[in-house]
Each structure stands twice: as structure tokens, then as C-alpha cells.
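The values are calculated or read from the model by the stated rules, or taken from the named source; none is laboratory data. Since the structure is predicted, the reported quantities are computational estimates derived from the model, not experimental observations. Counting neighbours? That spans all protein chains shown, and the Cβs are built from the backbone with ideal geometry, glycine included.
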Amino acid sequence: MTDTLAPVKPARLIINGEAVDSASGRTFTTVNPATEEPICAVAEAGVEDVDRAVQAARAAFDGGPWPKMKPAERQRILWKLGDLILAHGDELGRLETLDNGKPVFEARQIDVPMVAGCFHYFSGWATKLTGETVPVSPGTLTYTLREPLGVVGAIIPWNFPMIMVGWKCAPALAAGNTVVLKPAMETPLTAVRIGELALEAGLPPGVLNIVPGRGSVAGEALVGHPLVDKISFTGSTEVGQRIMREAAGTVKKLTLELGGKSPNIVFADADQEAAVRGASTGIFYGKGEVCAAGSRLLVEQSIHAEFVAKLAERAKKLVPADPLDPKTRLGSLVSEKQMKTVLGYVEAGVKEGARIVAGGQRQPVNGKGWFVQATVLDRVDNRMKVAQEEIFGPVLAVIPFDDVDDAVRKANDIPYGLAAGVWTGDVKKAHAVARRLRAGTVWVNMYNFYDPGMPFGGYKASGFGRDLGADSLRDYTQVKSVWVNLE
Ligand code: NDP
């Protein structure tokens, strides 16, 4: 493996504009999943630290300069943060790869530009959040003000640790909120580094606080804190449900982006070569640890055998390798626990009658790491566990269908509704099917594309509220109605 031994400095909490140790002095070690070796120590936030961070965010909101600052000044600072992220792209890309196991190609070429793009895109919104005048009566002046919510608690997962900082913080901050962000225990490093860069960009103390710590301690403390106005969460459906219940106690607003089991539908009239590539990147990008992964491949019966053969051939060429090598396209899963979960699903699929046509095994690199081969399971029935549950790894379930109605029925026959793909050469069919799919995002003749300007979020059990796009700003603002008596 290349370069993994270059030292990474210990990470501290970012609270009220300073890098600090936790009140208890506790630390945890973050581990490189590709080598199973420690990367560095990280200060571990407990309840007291979360309280300090929330108090700082509250003070920065209630009395501090951030929401009162000229929006153009907020815009300037957030734009500068985007620039600093780009300027530190190599460092951030490497950190993300060390911590998460994803190929540095993805971390450097996709994640870094995306997170910088979020700060650039949303900085522009700071000056464009307008209210309305409403024509009620000649005797009154009636108008609305679009105002920030206050303190936002962001709880993010380990699959896109850096991108999630952009998705959650950029719109929240642009709208004038202050933020306390808890990264996942597996992957705290890039969030802390971006917290440091935010201070360099000129974000006032307390506006963005970063508190790595356990979900059951730091996460719960954030959700239950009476001075937090909103929780924006991305992660498992189970924890999302729990957060919903806990947030009821203090009537917090919520954005929940939960799991998915997204159908990627290939019709017989599609460009097959493009669809094979799309089916492959749909599941194997990000090692399949992607909430919107096209993990159910629905293939029209008449092309099923030929299509699966081509896909299996492609999957077999996608060999796990050193994530720090720029040529690598399949990295290590994030943890041993995740690898065991994923391999357990492969076993369950085979027991239920699915057939492995590619992969299916752990494949260490240089004798180490939680790597799993690019796996294709054929002959899957939509009722099987591997078709209904989120696997969150490089495992594709292939399900044949008969016609358009059968495809739509199978695609929607799932509790989730995060994303979907449609591959067809028929423009009418593409739009008609896109309308019938119960999913927050539909890609036509493409898959796994994202942009700061396009809203992203779930239907059904995949959650509610939106990340990205103008729609996300609605979730970070509230509307005040003002009545003025003119008589
Ligand atoms: P979790 O939902 O447990 O973790 C997501 C975040 O929530 C982490 O920061 C976690 O902290 C935190 N958290 C955990 N429990 C609580 C709590 N009680 N209160 C507040 N915050 C909490 O996901 P897992 O890491 O356990 O992954 C399990 C499965 O979830 C995956 O296999 C996958 O199916 C799904 N998942 C979906 C994601 C998506 O993008 N929709 C992303 C990640 C996972 P901690 O650091 O302690 O884990």
C-alpha cells in the first residue's frame, strides 16, 4: 500500500472557534479499514462537550454576528470556505480515503469538488432568501420574512463523511443558522478538518462546531438538547425513527434522509452497453455503501440472460485494490462489522435461491482490509431478503420483469423510495415511468449523478425533507407573517 503511514495529526473537537480536547479527556482511535491500522487519536465528545457546543452555537445565533451579518458578507465567507476546500483537495481526499476506505479517485475527484460546490452554490443563496408582500387589504401592509431556524444539529454517517458536511452545513449556514455537527465514529477526520478551514475562512466562533462522538451519547445529547431547533440526519431508518421519537420531546424540526433499496430498471430497448456501465456504477460506486445505490437491477425478461452475462463479466474485472492508488475503483468497506453484514446478506441470498454470477467473497489486499468483491446475485425474487433490505455494500440483486407495468410494480414494491433509474431508448416510456416511480430522484439513462442545485431526499420510509437545491433552504428557514395597520 502506498503512503498510508504518513502521519495524520490527532483530531480535536471544534467548539466556539477553537480546537479543544473533550471535557473528560477521552479519545478514540480511528482506523484505516484498508490496512486495519490506526490512523490517529480523536477527541471524543461526551454530553458536556455537546452542551458546550450547543451553548456556543446558541450564543452565536442569538447574540453573535452570523444571522445579523449582511447576507453578502455571509456569502463571501462561505464562498471562501469552498475555495479553501478546493485548495486543500489533495489533503482532504487522502484523509477521506484513509478514514473510509473509498478509492482516492472518488474522494479527490468527486467528493472534494462536491463539498466545495455546496459551499459555493449555497453561498449565493444567502442574498436571495426573500419574503413576499401579500395583498390582504388597503388598510394593512402584510408581508412575510424568511428567517433562519436557530441552532441546527447535524448527525451524519460514515459513507460520505465529507460530502455530508457540505450537504448539511452549506444550506443551514447560508440561511443564517448556526450548526453543531456530529460525524460518525468511523470517519471523523474530514469533518474536523473542514471545521478548521471554516475558521480560516472567517466563520465567527460558535457558528460551526464539530463534535465527534458516539451516537448513543453525543448524538442523543444533541437530539435531546432543548436549545437545538432542528436535527438534520442522514443514516439508517432505525436510528431515524428513534430520532423522530426523541425529537418529539422538544418539538424539533427534522430532516431525515434514511436508507434506500433503489430499483435500476433496464428495458430491452435501452442502449445495452450504456446500461451495463450504468448498472455497474449504480451499485459499485462508493463500494455500494451509498444510500441511493441502484441495488435492485430490474431487467426486461427478453434481454435478461445476455445482460447479466455482460454485467458479470464487467463486475469480475472490478477487483478490490489499494484505495490510495489513483487507478483503484473498488475500495475497502468501512469496517469489519459492515463487511460481515454484507457477506451475511450474500449468504442469505444464496440460501433463498439466488445464484452468484460474480464475486461473493471477501478479498483482502496485501492480506488486510475489509474488501468485498463486486458481487452480482441473479435469479432474485423481489420478496427475498436481498431484494427488500438495504445491504449497503457492493452486492447487486438482479430481478427480471415482463413489461412496463410489471417493472413499475416491482420497483415500487418496497418500503423505501429514495432513488430509481430507467434505461430505455423510448422517450415517452422514460417520462411515463419516471412519473409512476415512487422515489425522490429518478435518473433516466444515467445513474448516481448529484449536483448542489438538485434536491435530494426520500419518499416513503427513505425519509422526508430535502438536502441540496433551493428546496433544502425551506427546511432551514421559517416564515414570519408581519401585519402593519396603516389606518
Ligand atoms: P446509523 O444510522 O447508526 O449512524 C448514522 C449516524 O447516526 C452516526 O453518526 C451515528 O453515530 C448516529 N447515531 C447512532 N445512534 C444514534 C442515536 N441514538 N441518536 C443520535 N444519533 C445516533 O448507521 P450505521 O453506521 O449503524 O449503519 C447501519 C446501516 O444504516 C448501514 O448498513 C446502512 O444500511 C444504513 N445507513 C444508511 C445511510 C444513508 O446514507 N442513508 C448512511 C449510513 C448507514 P455513531 O458514530 O455512533 O455510529
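Counting only residues that are hydrophobic (A, V, I, L, M, F, W, C) and more than 12 Å from the ligand (Cβ to nearest atom), the stretch 144-164 holds 5 of them. Among residues of the stretch 225-236 that are under 16 Å from Met164 (Cα atoms), those with a beta-carbon under 6 Å from a residue that is assigned to a strand (DSSP E or B) and within 11 Å of the ligand (Cβ to nearest atom) at least six positions away or on a different chain give the pairs Ile231/Gly153; Ser232/Ala154; Phe233/Ile155; Phe233/Leu256; Thr234/Glu257.
Restricting to the stretch 294-330, and then to whatever is assigned to a helix (DSSP H, G or I) and polar (S, T, N, Q), can you tell me which residue is farthest from Met384 (Cα to Cα)? Explain how you work it out, then say what you get.
Here is the first cut: in the stretch 294-330, the residues assigned to a helix (DSSP H, G or I) are 301-317.
Among the residues that remain, those that are also polar (S, T, N, Q) are: 301-302.
Working: Gln301: 19, Ser302: 22 Å.
Among those that are assigned to a helix (DSSP H, G or I) and polar (S, T, N, Q), it is Ser302.
Per the conditions (1) assigned to a helix (DSSP H, G or I); (2) under 30 Å from Val319 (Cα atoms); (3) over 26 Å from the mean Cα position of the chain (by Cα), the sole criterion not satisfied by Ala60 is (2).
Can you tell me which residues in the stretch 456-473 are free of Cβ contacts under 8 Å to residues at least 24 places away in the same chain and surrounded by 17 or more Cβ atoms within 10 Å (Cβ to Cβ)? If you could, list the steps in order and put the result at the bottom.
In the first step, residues of the stretch 456-473 are kept if they are free of Cβ contacts under 8 Å to residues at least 24 places away in the same chain; the result is 469, 471.
Answer for the stretch 456-473, where residues must be free of Cβ contacts under 8 Å to residues at least 24 places away in the same chain and surrounded by 17 or more Cβ atoms within 10 Å (Cβ to Cβ): just Gly469.
Among the residues of the stretch 389-400, are any surrounded by fewer than 21 Cβ atoms within 10 Å (Cβ to Cβ) and over 26 Å from the mean Cα position of the chain (by Cα)? No, the stretch 389-400 has no match at all.
Go through Gln373, Gln338, Gln363 for me and flag whichever is over 30 Å from Arg438 (Cα atoms), surrounded by 21 or more Cβ atoms within 10 Å (Cβ to Cβ) and not β-branched (Val, Ile, Thr).
Values: Gln338 fails: over 30 Å from Arg438 (Cα atoms); Gln363 fails: surrounded by 21 or more Cβ atoms within 10 Å (Cβ to Cβ).
When all the criteria are applied, what remains is Gln373.
Taking the criterion of being in contact with a Ser or Thr (Cβ under 7 Å, 6 or more places away or on another chain) and either charged (D, E, K, R) or more than 16 Å from the ligand (Cβ to nearest atom) (or both), the residues of the stretch 321-347 that qualify are Ala321, Asp322, Pro323, Leu324, Asp325. Number of residues in the stretch 71-120 that are touching a Gly at 6+ places or on another chain (Cβ under 6 Å) and part of a helix (DSSP H, G or I): the value is 10.
All conditions in (1) within 16 Å of the ligand (Cβ to nearest atom); (2) buried (at least 20 other Cβ atoms within 10 Å of the Cβ) hold for Ala315, with the sole exception of (1). Within the stretch 33-57, being assigned to a strand (DSSP E or B) and within 25 Å of His225 (Cβ to Cβ) holds for Val42, Ala43.
Being of a type in the set (Val, Ile, Thr), part of a strand (DSSP E or B) and within 16 Å of the chain's Cα centre (by Cα) is the filter; apply it to the stretch 233-280 and report the residue that is nearest to the ligand (Cβ to nearest atom).
Looking only at the stretch 233-280, we keep the residues that are of a type in the set (Val, Ile, Thr), and these are 234, 237, 239, 243, 250-251, 255, 265-266, 276.
From the residues that got through so far, the ones that are part of a strand (DSSP E or B) too are 234, 255, 265-266.
Keeping just the survivors that are within 16 Å of the chain's Cα centre (by Cα) gives 234, 255.
Details: Thr234: 5, Thr255: 12 Å.
This residue is Thr234.
Going by the structure shown, is Asp111 touching a residue at least 60 places away in the same chain (Cβ under 8 Å) and within 16 Å of the ligand (Cβ to nearest atom)? Spelling it out, it is not the case that Asp111 is touching a residue at least 60 places away in the same chain (Cβ under 8 Å) and within 16 Å of the ligand (Cβ to nearest atom).
Selection within the stretch 165-200: residues that are touching a residue at least 60 places away in the same chain (Cβ under 8 Å) and small (Gly, Ala, Ser). The member of this set that is farthest from the ligand (Cβ to nearest atom) is Gly176. Residue count for the stretch 428-455 satisfying the condition of being within 14 Å of the ligand (Cβ to nearest atom) and either more than 24 Å from Arg242 (Cα to Cα) or loosely packed, with under 13 Cβ neighbours inside 10 Å (or both): 3.
Within the stretch 201-224, restricting attention to residues that are free of Cβ contacts under 8 Å to residues at least 40 places away in the same chain and in contact with an Asp or Glu (Cβ under 8 Å, 6 or more places away or on another chain), the residue that is nearest to Ala116 (Cα to Cα) is Glu220.
Would you pick out the residues in the stretch 371-404 that are within 30 Å of Leu98 (Cα to Cα) and out of contact with any helix residue (DSSP H, G or I) (no Cβ under 9 Å at 6 or more places or on another chain)?
Step one: of the stretch 371-404, the residues within 30 Å of Leu98 (Cα to Cα) are 371-377, 386, 389-397.
Result: no residue meets the conditions.
Within the stretch 16-32, the set of residues being over 26 Å from the mean Cα position of the chain (by Cα) and either surrounded by fewer than 18 Cβ atoms within 10 Å (Cβ to Cβ) or in a strand (DSSP E or B) (or both) comprises Glu18, Val20, Asp21, Ala23, Ser24, Gly25, Arg26.
Residue count for the stretch 201-221 under the criterion of being under 19 Å from the mean Cα position of the chain (by Cα), near the ligand (Cβ under 9 Å from one of its atoms) and crowded, with 23+ Cβ neighbours inside 10 Å: the result is 3.
Being farther than 26 Å from Lys230 by Cβ and at pLDDT 95 or above: is that true of Leu92 here? Yes.
When the criteria are applied in full, Ala116 fails the requirement of being closer than 30 Å to Leu333 by Cβ, aliphatic (A, V, I, L, M) and touching an Asp or Glu at 6+ places or on another chain (Cβ under 6 Å). Assessment of the stretch 286-300 against the conditions (within 16 Å of the ligand (Cβ to nearest atom), basic (Lys, Arg) and within 30 Å of Gly369 (Cβ to Cβ)) yields at least one matching residue. Mind listing just one residue for me: the one in the stretch 222-232 that is of a type outside the set (Val, Ile, Thr) and within 12 Å of the ligand (Cβ to nearest atom) and, of those, surrounded by the fewest Cβ atoms within 10 Å (Cβ to Cβ)? The selected residue is Gly224.
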